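K.L.:
First, the structure itself, so that you have it in front of you.
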Amino acid sequence: MVRILLVEDEPAMATALRSVLVREGYVVDHVSGVALAREAARFGNSDLVLLDRTLADGDGLSIVSDLREYNPGVPIIVITALGGVTDRVTGLDKGADDYLAKPFAMEEMLARIRAVRRRPAGLHLRQIKLGRLAYDLDNDEASVSGKRLDLPRRELLVLGTLMRRRGRTVVRRSLEEAVYGFDDEIQSNTLDSHVSRLRRRLADATADVEIHAIRGVGYLIRQIS
Ligand code: CA
């Protein structure tokens, strides 16, 4: 499953893009402005971002750094009517991987998507590091000092969700959504038991990180200082 975050504020354009992408088998998360895109960026779960620049509440490029922080190495294709050389250079300087100037053919967009996805991650390592712990976003794997940490699937998903927002509180609901499917029955204490097992494993591996509970709110992961 390839998940695309589509940031586009013109309804007709958004509808057209979404239907083409869905027909190609992509899963599309659509948001229509900078503020919502910034929220979506925090989930860090997109495989690619199609980012319009001229949004009602600002320049789409202003969320590139958030996208990079929460989802290192995610390919970003900037879509815009500002097709001039200066705008193109600004977009690429800000960390976009490619640039599509409106109007463009849908076929061209699909080809660009395939091309950026084929590109090796290069300098952008799709890995988040904290202490001695590293989390690989492409393969959902955790390692401590380069040694793979074997974790049950649900603990791994808890860890991945915490690592994407390292240093910040993740609310219980977000963690539960990451770990359980819609059909799973969630028992109120299971998240806590996943976390407590995960804590023990991280301590055993001397990962140098701790999962801190924020009572009544959620959890956060941080480096042990
Ligand atoms: Ca627009």
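The values are calculated or read from the model by the stated rules, or taken from the named source; none is laboratory data. For clarity, every value in this text was computed on a predicted model and none was experimentally measured. Cβ atoms come from the backbone with ideal geometry, glycine included; neighbour counts cover every protein chain shown. For accessibility, only protein heavy atoms count, side chains too; no ligands or nucleic acids. Shrake-Rupley method; radii C 1.70, N 1.55, O 1.52, S 1.80 Å.
K.L.:
Whose amide H sits under 5 Å from the amide H of Glu141, counting only residues 5 or more places off or on another chain, with H placed in the peptide plane?
P.N.:
Residues meeting the amide H criterion: Asp136.
K.L.:
Anyone know which of Leu100, Leu51, Leu36 comes out most mobile in the 10 Å Cα GNM of the chain?
P.N.:
Leu36
K.L.:
Val27 to Thr86: extension gain in nm, 0.36 nm per residue of separation minus the Cα-Cα distance?
P.N.:
18.0 nm
K.L.:
What distance in nm lies between label points placed 7 Å from Cα along the C-beta direction at Glu177 and Glu210?
P.N.:
Inter-label distance under the simple model: 2.9 nm.
K.L.:
Under 19 Å from a point 7 Å along the Cα-to-Cβ line of Asp150: which residues of region 190-224 have their amide N that close?
P.N.:
Counting backbone N atoms under 19 Å from the label point, the list is 197-207.
K.L.:
Take the chain, compute every pairwise Cα distance, and split them into 5 Å bins from 0; I just need the percent in each bin.
P.N.:
The distribution over the chain is 1, 6, 14, 17, 17, 14, 11, 9, 6, 3, 1, 0, given as percents.
K.L.:
Using a Förster distance of 25 Å, how high is the FRET efficiency between Arg117 and Ser19, based on the Cβ-Cβ distance and rounded to 0.05?
P.N.:
Taking R0 as 25 Å, the efficiency between Arg117 and Ser19 is 0.80.
K.L.:
Still on this structure, I have one more. On full extension of the chain, what length is gained from Asp57 through Asp136, given 0.36 nm per residue of separation minus the C-alpha to C-alpha distance?
P.N.:
So the chain would gain 25.1 nm between Asp57 and Asp136.
K.L.:
Report the equivalent ellipsoid semi-axes for region 1-71 in whole Å, largest first, defined as the square roots of five times the eigenvalues of the gyration tensor built from alpha carbon atoms.
P.N.:
18, 16, 8
K.L.:
Per 0.36 nm of contour for each residue apart, how much would the distance between Asn189 and Glu39 grow if the chain were fully extended, relative to their Cα-Cα spacing?
P.N.:
51.3 nm
K.L.:
Given charges of +1 on the Cβ of Lys and Arg and -1 on the Cβ of Asp and Glu, with all other atoms neutral, how large is the dipole of region 21-61 about its Cα centre, in debye to the nearest 20?
P.N.:
40 debye
K.L.:
Return the lysines within reach of Lys129: Cα separation strictly under 28 angstrom, same-chain partners fewer than 8 residues apart disregarded; answer none if there are no such residues.
P.N.:
Partners within reach: Lys94, Lys147.
K.L.:
Let me ask something else. Would you mind checking the radius of gyration and Dmax of region 127-223 based on alpha-carbon positions, in Å?
P.N.:
Every Cα atom of region 127-223 included, Rg and Dmax give 12.4, 36 Å.
K.L.:
Can you give me the distance in nm between label points at Ala101 and Val2, each placed 7 Å from the Cα along the Cα-to-Cβ direction?
P.N.:
Distance between label points: 2.5 nm.
K.L.:
Heavy-atom accessible area per residue, the chain, 1.4 Å probe: how many Å²?
P.N.:
Value for the chain: 52 Å² per residue.
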